[in-house]
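Trainee: Take this structure first; my questions come after.
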Amino acid sequence: MSYVIKAVLSNPRQPECGQITIPFPIPNNQYDQTIEMLQAMDLGYSVNRDCTVDEVDSRCRVLSALHGTLVNVDQLDYLAKRLDSFCEDEDAQFQAMAHKLELADIKDLINLTFCCQQATTATPPPSPAAPATSGSSSTSSGTAPAASPAWWWRTRTSSP
């Protein structure tokens, strides 16, 4: 996957303009061209939440909460850049906390990227009926399972 978020966007004020699919983060060398395509649909202006999210494809399943919301393209691009910088543990922490807090606003999701590292995630212990294999890392990685990132979580009560 060469994108963090692939969003299908539309203009709620002009549905006749159709939809456009944008992979985020937008590569620097394609940014101007992407904004021009969006502005042809009367979208992509830096100060307005002018795009409706019709579909979201992302490794971060909690981002499906953005479906049906109004977003700003620059905010969506920034969120994707922040998530792209995360390691596997940080990604699990972000998903667990976003799920637990039921976040659906783009600003809240961006803000969470700055503090989700304070959450602790852990995987459930291995089932006695399912012995671990030598190549398995699902219980030793220290991250929540990708299918259900909020299985186990707690917030630290003090800073390390």
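The values are calculated or read from the model by the stated rules, or taken from the named source; none is laboratory data. Model, not experiment: these values are computed from the prediction. Quick reminder, even Gly has a Cβ in these numbers, built from the backbone with ideal geometry, and neighbours come from all protein chains shown.
Trainee: Return the residues of the stretch 90-106 that are buried (at least 21 other Cβ atoms within 10 Å of the Cβ), among the hydrophobic types (A, V, I, L, M, F, W, C) and farther than 13 Å from Leu79 by Cβ; say none if nothing qualifies.
Mentor: Within the stretch 90-106, Ala92, Ala96, Met97 meet the criteria.
Trainee: Does Asp50 qualify as being in contact with a His (Cβ under 9 Å, 6 or more places away or on another chain), of a type outside the set (S, T, N, Q), free of Cβ contacts under 8 Å to residues at least 60 places away in the same chain and within 15 Å of Leu70 (Cβ to Cβ)?
Mentor: Spelling it out, it is not the case that Asp50 is in contact with a His (Cβ under 9 Å, 6 or more places away or on another chain), of a type outside the set (S, T, N, Q), free of Cβ contacts under 8 Å to residues at least 60 places away in the same chain and within 15 Å of Leu70 (Cβ to Cβ).
Trainee: What pairs can you find where one residue is in the stretch 92-110 and closer than 24 Å to Thr52 by Cβ, the other is assigned to a loop (DSSP other than H, G, I, E, B) and among the small types (Gly, Ala, Ser), and their Cβ atoms are less than 6 Å apart, with a gap of 6+ or different chains?
Mentor: Listed by first residue and then by second, the contacts come to His99/Ala150.
Trainee: Name the residue that is surrounded by the most Cβ atoms within 10 Å (Cβ to Cβ), counting only residues in the stretch 18-48 that are on the phi > 0 side of the Ramachandran plot and touching a strand residue (DSSP E or B) at 6+ places or on another chain (Cβ under 8 Å).
Mentor: Gly44
Trainee: While we're on this one: One residue is enough: does the stretch 49-69 have a residue meeting the conditions exposed (fewer than 14 other Cβ atoms within 10 Å of the Cβ), of a type outside the set (Val, Ile, Thr), farther than 16 Å from Phe24 by Cα and at pLDDT 65 or above?
Mentor: yes
Trainee: Condition check: at pLDDT 90 or above and assigned to a loop (DSSP other than H, G, I, E, B). Does Leu109 satisfy that?
Mentor: No, not satisfied.
Trainee: Test Leu9 against the stated conditions and say whether it is assigned to a helix (DSSP H, G or I), touching a strand residue (DSSP E or B) at 6+ places or on another chain (Cβ under 8 Å) and either at pLDDT 95 or above or charged (D, E, K, R) (or both). Steps first, answer last, please.
Mentor: Values: assigned to a helix (DSSP H, G or I): no; touching a strand residue (DSSP E or B) at 6+ places or on another chain (Cβ under 8 Å): yes; either at pLDDT 95 or above or charged (D, E, K, R) (or both): yes.
So Leu9 fails the test.
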